[in-house]
């Protein structure tokens, strides 16, 4: 559903890069131990992946930025053709600064989406901060926008639909 906030729609039109947390944003935050032979498991929503591909096809970059560097997270991001260099980072703010340089993009053209306190710390440093509906209260307070859907429940798809709709209306 497109946003009904014209100021947010204008901001979404200017986004060149969406930086997204993994645990609690692309997933619901649940991690399951499958044993020493299989490691950790997480569930990712297929339609979020389709939305990510549509966003990139429209010319907007998508980079996962997460403290989670698990094989499971890496495999999912690789399956989507995403840069996995920003998984398993301890200092998200330092990683954000490096990422902006690596991608050659201004922070004024970046949207951060997340659910936790580490994501909330990044939001003042970019154009738009978005929290998922079930995010930590610090992320909700720091965010410019809060999705209706929770992490792993379609929040990423919801936001991408809003970005693409705003860009289509501008065109």
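The numbers here are math on the coordinates, done by the rules we state, and not lab data. Here the structure is a predicted model, which means the values were calculated and not measured. With ideal geometry, Cβ positions are generated from the backbone for all residues, glycine too; neighbour counts draw on all protein chains shown.
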ask   = Percentage of Cα-Cα pair distances in the range 86-171 greater than 14 Å, rounded to whole percent?
value = 65 percent
task = For the range 15-101, just the Cα set please: Rg and Dmax, both in angstrom.
result = 13.2, 42
key: Footprinting exposure proxy for 148, 109 (fewest neighbouring C-beta atoms within 10 Å first)   = 148, 109
ask   = Using a basic spin-label model with each label point 7 Å from the Cα along Cα→Cβ, how many nm lie between residue 71 and residue 140?
value = 3.7 nm
task = Please identify which residues in the range 109-132 have an amide N closer than 14 Å to a label point set 7 Å out from the Cα of residue 47, following the Cα→Cβ vector.
result = none
request  = Quick one: plug the Kirkwood hydrodynamic radius of the chain (C-alpha pairs) into Stokes-Einstein at 20 °C, 1.002 mPa s, and report D in µm²/s.
outcome  = 136 µm²/s
inquiry  = With n ≥ 4 as the cut-off for DSSP H runs, can you work out [θ] at 222 nm for the chain, using -39500 (n - 2.57) per run divided by the number of residues, rounded to the nearest 500?
reply    = -11500 deg cm²/dmol
inquiry  = For 117, 147, 4, which order do you get if you count the other beta carbons within 10 Å of each Cβ and list the fewest first?
reply    = 4, 117, 147
remark   = Taking 136, 38 and counting other beta carbon atoms within 10 angstrom, the fewest-first order is 38, 136
